[in-house]
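All remarks here apply to the structure that follows.
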């Protein structure tokens, strides 16, 4: 009888992690940051028909990088989870923390038990109803690891150089200031990103129950020129 081929569990996990990271790195990055009236998400996206940033629920947004079809399936699952929870209990019971934990379970289960991990990193953002004290950013990795970010986060692509160019936010900024920093960080020293190459959305206080709003090219142009 032939001896089964053996691979150490540590090597299997390492190979899966390397595979996922390589797939994510091939995608384009996005930056999320807190500003004085909410949370903004700025992504490099040259395809107008595919959305990397979307609304999940009243005061929550979803963003993904990596393989589009995989993180879009996660987005749909998140919308269904939030809708069912809001219907079964109340809209106030739907929060980013529980949704991030749900995503972590899905990604962790696939990473551990499936042959191929999902080549995605995702972000779940939520704004508080009154002030920025309850604003939250949850960064979920391909293996289900959840990181709670404070002021800003860069995911996907060349994360380290982009994060270095963006710098650290020690306090909330105005939207135009944060957006200029984000676009400069995504562009780098060798190119310029135009508004039609960007996807920008905000979770903004004071615009009604549904806080999610996409910024059109004209508004992005105005903010970058301010």
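Scan region 206-213 and give yes if some residue there is surrounded by fewer than 20 Cβ atoms within 10 Å (Cβ to Cβ), touching a residue at least 24 places away in the same chain (Cβ under 8 Å) and within 16 Å of residue 39 (Cβ to Cβ), otherwise no.
Step one: of region 206-213, the residues surrounded by fewer than 20 Cβ atoms within 10 Å (Cβ to Cβ) are 206-210, 213.
With the extra rule that they be touching a residue at least 24 places away in the same chain (Cβ under 8 Å), the set shrinks to 206, 209-210.
Among the residues that remain, those that are also within 16 Å of residue 39 (Cβ to Cβ) are: 206, 210.
Yes: region 206-213 contains one or more residues that are surrounded by fewer than 20 Cβ atoms within 10 Å (Cβ to Cβ), touching a residue at least 24 places away in the same chain (Cβ under 8 Å) and within 16 Å of residue 39 (Cβ to Cβ).
For region 108-139, give me each residue that is under 12 Å from the mean Cα position of the chain (by Cα) and farther than 19 Å from residue 212 by Cβ.
If the condition is that a residue be under 12 Å from the mean Cα position of the chain (by Cα) and farther than 19 Å from residue 212 by Cβ, then 120, 121 are the ones that fit.
It is to be established whether one or more residues within region 152-163 are free of Cβ contacts under 8 Å to residues at least 12 places away in the same chain and either crowded, with 20+ Cβ neighbours inside 10 Å or over 30 Å from residue 208 (Cβ atoms) (or both). Steps first, please.
Here is the first cut: in region 152-163, the residues free of Cβ contacts under 8 Å to residues at least 12 places away in the same chain are 160.
Keeping just the survivors that are either crowded, with 20+ Cβ neighbours inside 10 Å or over 30 Å from residue 208 (Cβ atoms) (or both) gives 160.
Checked region 152-163: at least one residue is free of Cβ contacts under 8 Å to residues at least 12 places away in the same chain and either crowded, with 20+ Cβ neighbours inside 10 Å or over 30 Å from residue 208 (Cβ atoms) (or both).
Check whether at least one residue in region 7-25 is under 19 Å from the mean Cα position of the chain (by Cα), within 23 Å of residue 183 (Cα to Cα), surrounded by 18 or more Cβ atoms within 10 Å (Cβ to Cβ) and modelled with pLDDT under 90, and report yes or no.
The answer is no; no qualifying residue exists.
How about region 100-130: which of its residues are out of contact with any helix residue (DSSP H, G or I) (no Cβ under 9 Å at 6 or more places or on another chain) and part of a helix (DSSP H, G or I)?
Matches in region 100-130: 100, 101, 104, 105, 108, 109, 110, 113.
From the list 169, 193, which residue is in contact (Cβ under 8 Å) with a residue 12 or more places away in the chain, surrounded by 16 or more Cβ atoms within 10 Å (Cβ to Cβ), in a loop (DSSP other than H, G, I, E, B) and more than 18 Å from the chain's Cα centre (by Cα)? Before the answer, list the steps.
Details: 169 fails: more than 18 Å from the chain's Cα centre (by Cα).
That would be 193, the only listed residue that is in contact (Cβ under 8 Å) with a residue 12 or more places away in the chain, surrounded by 16 or more Cβ atoms within 10 Å (Cβ to Cβ), in a loop (DSSP other than H, G, I, E, B) and more than 18 Å from the chain's Cα centre (by Cα).
Out of all the residues in region 131-152, is one or more at positive phi and either part of a helix (DSSP H, G or I) or in contact with a strand residue (DSSP E or B) (Cβ under 9 Å, 6 or more places away or on another chain) (or both)? Spell out how you get there, then give the answer.
We begin by selecting, within region 131-152, every residue at positive phi; these are 144.
Filter once more, keeping what is either part of a helix (DSSP H, G or I) or in contact with a strand residue (DSSP E or B) (Cβ under 9 Å, 6 or more places away or on another chain) (or both): none.
No, because not a single residue in region 131-152 is at positive phi and either part of a helix (DSSP H, G or I) or in contact with a strand residue (DSSP E or B) (Cβ under 9 Å, 6 or more places away or on another chain) (or both).
What's the number of the condition residue 188 fails, among (1) surrounded by 13 or more Cβ atoms within 10 Å (Cβ to Cβ); (2) more than 14 Å from residue 20 (Cβ to Cβ); (3) out of contact with any helix residue (DSSP H, G or I) (no Cβ under 8 Å at 6 or more places or on another chain)?
(3) is the only condition that residue 188 fails.
Can you tell me which residue in region 83-93 is nearest to the chain's Cα centre (by Cα), limited to those that are assigned to a helix (DSSP H, G or I) and surrounded by fewer than 15 Cβ atoms within 10 Å (Cβ to Cβ)? Reasoning before the result, please.
Keep residues of region 83-93 that are assigned to a helix (DSSP H, G or I), which gives 83-88, 91-93.
Still in the running and surrounded by fewer than 15 Cβ atoms within 10 Å (Cβ to Cβ): 83-84, 87-88, 91-93.
Details: 83: 20, 84: 22, 87: 25, 88: 27, 91: 22, 92: 22, 93: 22 Å.
In this case the residue turns out to be 83.
Considering only residues of region 46-64 that are buried (at least 22 other Cβ atoms within 10 Å of the Cβ) and either within 11 Å of the chain's Cα centre (by Cα) or outside any strand (DSSP E or B) (or both), which is modelled with the lowest pLDDT?
59
Going through 80, 21, 75, 97 one at a time, which residue ends up being closer than 18 Å to residue 154 by Cβ and in a helix (DSSP H, G or I)?
Values: 80 fails: closer than 18 Å to residue 154 by Cβ; 75 fails: closer than 18 Å to residue 154 by Cβ; 97 fails: closer than 18 Å to residue 154 by Cβ.
None of the others qualify; the one that does is 21.
In the set 74, 107, which member is in contact with a strand residue (DSSP E or B) (Cβ under 7 Å, 6 or more places away or on another chain) and buried (at least 23 other Cβ atoms within 10 Å of the Cβ)? Outline the logic, then answer.
Working: 74 fails: buried (at least 23 other Cβ atoms within 10 Å of the Cβ).
When all the criteria are applied, what remains is 107.
Quick check on this structure: which one of 201, 163 is within 23 Å of residue 71 (Cβ to Cβ), part of a helix (DSSP H, G or I) and in contact with a strand residue (DSSP E or B) (Cβ under 6 Å, 6 or more places away or on another chain)?
Details: 201 fails: part of a helix (DSSP H, G or I).
From the options 201, 163, the qualifying one is 163.
Name the pairs whose Cβ atoms lie under 6 Å apart, with the first residue in region 45-58 and farther than 17 Å from residue 31 by Cα, the second surrounded by 20 or more Cβ atoms within 10 Å (Cβ to Cβ), and 6 or more positions between them or separate chains?
56/62; 56/78; 56/82; 57/82; 57/94
The values are calculated or read from the model by the stated rules, or taken from the named source; none is laboratory data. Since this is a predicted model, take the numbers as computed values, not measurements. Methodologically, a virtual Cβ is constructed for each residue, glycine included, from the backbone with ideal geometry; neighbour enumeration extends over all protein chains shown.
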